[in-house]
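Structure, as C-alpha cells:
Just so it is clear, none of the values below were taken in a lab; they were calculated from the coordinates. Every value quoted in this text rests on a predicted model; they were computed, and no experiment measured them. As a convention, Cβ positions derive from the backbone with ideal geometry for all residues, glycine included, and neighbour counts pool all protein chains shown.
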Amino acid sequence: MLKTLSPIEKEVPARDGRWYTVRVMPYRTMDNRIDGCVVTFSDVSRLKETEDHLRYEKSYTQSIVDTVHNPLIVLDDELRVLSANPAFLRTFNVHADQIMGDRFGDLGSRQWDIPELRSVLKEVADHGQQLSDFEVRHEFSALGPRIMLLNARRIEGTENLPHRVLVAIEDVTIREKARAELRALNVDLEQRVTDRTALADRRADQLRQLASELSQSEQRERERLARVLHDNLQQLLVAAKFHLTVVRSGASDERSRDAVDLMDALLDQSLDASRVLTVELSPSILYEGGLEAALPWLARQMESRHGLKVQTEINASVPQDQTGAAFLLFSAVRELLLNVAKHAGVDSARVQLSRPDDELVRVVVSDEGKGFDPASLRDDNEATGLGLFGLQERLEHIGGHCVIDSAPGRGTRVTLMAEVARPEEPPWIVPPPEQNSVAATTERKPNDARIRVLLVDDHAIVRQGLKGILDSKPDIAVIAEAGDGQDAIEQARRHRPDAIIMDISMPGTNGIDATKAIMAELPDTKVIGLSMHADADQAEAMREAGAVAYVSKGGLSDDLLAIIRDYGKPVPSKPGGGQE
C-alpha cells in the first residue's frame, strides 16, 4: 500500500526566461521505502512579473512617502492605518507597530477622533471625493494646541489591491500665527495710517484756516490803513483846501495869492499820493461794487499807468466776502497784468470773470506774448508781490487753485479758481416814503432867492469846510447837514433843498442808494455827487441814480460853485405854495 508525503514546491527559472513552479509529490510503501514521486510543472511567469512589479511599486512609493517632510499616513477603506511615513511617526511621537491596523480616530489616545474629520475622510474612501486644506484646530497630546491642514485623496485599487486613502498633514500653526500677527500688524498699520491721515487732514484744515485768517487779517489791516488815510489824512487835506479857498478870496496882493496857490498845489500832490496809496491798499470800488466792478476799473488803471489795454468779459457778480477770496483774486489779477506789462512784450491782455457754480469763481488772465516754461517758477520766482508760485500756494490754502498754461513763444493763460459764497440779495435799506412825508417840510421864506443847499458827508470837518465856502456866497445858503445817507433822506424830506451835495462813500446807506430814494420822492431836487476819488464808474453810478453832476473833493471851489448855480436855481412857486 502507498503512502503520500508532503509535497515540495519551488520556483525555478527556465532557459527561455520564463518561471515555473515545480511541485514534487513523493510517495512510499508501507515499509517506508520511497518508491517514486509525481512531478508537476506550472508556468508562473506572469504572476512572478506582477509580484515583482507590485513589490517595486510598493518600494518606490514607500521611498517617496518616507522622504516627504510633512506627515503622511495611508488608510484602507475602513480608515485603518496601513502605513505612515517617518515624519508622521516623529511628529506625533508614535511607533509604526503601535498604530498599524488601528483606526485613524483611535491614534494617540484618540486625539484624531474628530467626527467631522471622520465623516469627510469616509467620503473620500467611499466616493473618491478629494479633501483640500481641511483645517483642524486641536490640542494634541504630543504637541499641544496646533492648527493642522489635511489633504486627502483616494488611491484606486486593483483586482488584488483594495482602495487606499492617502492623507497628508501639514502643521500650519506657526504660519497661521505669523499671519495673525501680520493681520494685526496690518490693522495697526491701517489704523496708524488712518490716524495720520486724519491728523494730516486736520493740519491741512488748520493751515487753510490760518491762511484764511491771515488773508482776512491782511485785508482788515489794509482796510484799516486805507480808512485812516481816507477818513483822516485825506479829509484833513480837503478841509485845508477848503480853507485855502476862503483865504484866497481874501488875499489882497499877488504875493499872497501865489503863496496860497503853491500851498494848494502841494495839497493836491499830497491828496494824489494819498489816493494812490489808498487804492493800492484797499480799492474802495472792490468793496462797494464787487469784483465785477473792480476788474474793469483795474483795466482802465493798467491802460492809463502802463499802456496795457485790457479787455474784460464780466459774466458774474462777485461781492467782497469775509474770507478775503475776492480781494486775493483782485490782487492776483493785478499782479498778473503787471507781469504782462513788464515781461510779455505785448500791449494787450484779456480778463474773463465767471462763476461755474454758486460757490466757485473763475478768473482767466491771458495774453499772446512771449510765454515761459511753468516748470521754472520754483527756481525763478521773481519778487513781484504774490509771484506765480506764491499765488498757487495762497489759492490752495483757501481751497482754490491756479492753473498755468504757457510755453515759450505761445503766450500765457492763467486760470484762477476760488470759493466765494454767493451772498443773498440784500433787502432795500431805504424805507418807502410815507404818504404824508412830503407835507412835513420847511417852506421857503418869501422873497428868498438863494439856492438852498443840503450838505451830506460823514466827515464833520469836510462839511465845515464846505459850509464855510458856501456861506461866504450871498446867493447860496446851507440849510441843513447830514452825516449819512439815511439822515440825508430825512433832511431832504424835511427841508426840500434846491441842491444836495452828496458824498458817495458813507457808512450805512451810501450816497448812491440815498440819491435813488431822494429822486424817487423829490424829483425836482438836484443832487451833486461828491467823492474823494474821481472815478468814472462811481460818476456813472451817481448819474444813473439821478445825480446831475459828479465832483471830486480835491477839485472843488469854483467848479462846485458853478455847478450849484447852474443846477440849483430855485423852482418858481406855484399858486398855493407848491413848486413847478
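Can you give the Rg/Rh ratio of the range 307-358, where Rg is from the C-alpha atoms and Rh is the Kirkwood radius? Show your work: numbers first, answer last.
Values: Rg = 12.7 Å, Rh = 12.3 Å.
Rg/Rh: 1.03.
Which is farthest toward the positive dipole end of the range 290-419 among Gly307, Ala349, Leu416, measuring Cα position about the Cα centre, with Cβ charges +1 (Lys, Arg) and -1 (Asp, Glu)?
Gly307
At a Förster radius of 30 Å, what calculated FRET efficiency corresponds to the Cβ-Cβ distance of Gln311 and Val548, to the nearest 0.05?
According to the calculation, E is roughly 0.40.
Between Ser256 and Leu189, what is the label-point separation in nm under the 7 Å Cα-to-beta-carbon projection?
With each label placed 7 Å out from Cα toward Cβ, I get 9.4 nm.
Please state, to two decimals, what the Cα-based radius of gyration of the range 62-171 comes to when divided by 2.2 N^0.38 Å (N = residues).
0.99
Give a residue-ordered list of calculated ³J(HN,Hα) values for the range 345-350 (Karplus: 6.51 cos²θ - 1.76 cosθ + 1.60, θ = phi - 60°; whole Hz; x for Gly, Pro).
x, 10, 10, 8, 8, 9
Summarise the long-distance tail of P(r) for the range 278-333 by giving the % of C-alpha pairs beyond 17 Å.
Here the tail beyond 17 Å accounts for 32 percent of pairs.
Listing Glu490, Glu481, Glu292 from the residue with the fewest other Cβ atoms within 10 Å to the one with the most, what is the order?
The most exposed by this proxy come first: Glu490, Glu292, Glu481.
Within a 10 angstrom radius of the beta carbon, how do Met519, Met302 rank from fewest other beta carbons to most?
Ranked by crowding around the Cβ, least crowded first: Met519, Met302.
How large is log10 I(q)/I(0) at q = 0.15 Å⁻¹ when the Debye formula is applied to the Cα atoms of the range 187-304, each weighted equally and without solvent?
Those come out to -0.85, one per q.
Starting with the highest mean, order 492-499, 559-566, 93-100 by the number of other Cβ atoms within 10 Å, averaged over the residues of each peptide.
492-499, 559-566, 93-100
Order these by the 10 Å Cβ neighbour count, fewest first: Thr197, Thr415, Thr525, Thr509.
Ordered from fewest to most neighbouring Cβ atoms within 10 Å, Thr197, Thr415, Thr525, Thr509 come out as Thr197, Thr415, Thr509, Thr525.
According to the Kirkwood expression over distinct Cα-Cα pairs, how big is the hydrodynamic radius of the range 451-567, in Å?
Computed over Cα pairs of the range 451-567, the Kirkwood hydrodynamic radius comes out at 13.6 Å.
Search the structure for amide H atoms under 5 Å from the amide H of Gly290, placed 1.01 Å from N in the peptide plane, and list their residues when 5 or more places away or on another chain.
Answer set, sorted by chain and number: Gln320.
Gap in Å between the Cα centre of the range 220-254 and the Cα centre of the range 477-508?
Between the Cα centre of the range 477-508 and that of the range 220-254, the gap is 21 Å.
Just want to confirm a number: the relative contact order over the range 451-567, from Cα pairs under 8 angstrom separated by 6+ residues, in percent.
23 percent
What are the ³J(HN,Hα) values, in whole Hz, obtained from phi via the Karplus relation 6.51 cos²θ - 1.76 cosθ + 1.60 with θ = phi - 60°, for each residue of the range 543-550 in sequence order, with x given for Gly and Pro?
Whole-Hz 3J(HN,Hα) from phi for the range 543-550: 5, 5, 6, x, 5, 8, 7, 9.
Under the rule of at least 5 residues apart or a separate chain, name every residue whose amide H is placed under 5 Å from the amide H of Ser348.
Counting only residues 5 or more places away or on other chains, the set is Lys309.
Nearest 20 debye, what's the magnitude of the dipole of the range 197-296 about its Cα centre given +1 on Lys and Arg Cβ and -1 on Asp and Glu Cβ? Please report the intermediate quantities before stating the final value.
Working: 12 positive and 17 negative charges, 62 e Å.
Magnitude of the dipole: close to 300 debye.
Mind giving me the FRET efficiency for Arg46 and Lys122? R0 is 35 Å, r the Cβ-Cβ distance, nearest 0.05 is fine.
Working: r = 36 Å, r/R0 = 1.02.
E between Arg46 and Lys122, to the nearest 0.05, is 0.45.
Residue-wise, which Karplus ³J(HN,Hα) couplings in Hz belong to the range 119-131, taking 6.51 cos²θ - 1.76 cosθ + 1.60, θ = phi - 60°, and x for glycine or proline?
5, 6, 5, 5, 5, 5, 5, 7, 10, x, 5, 8, 9
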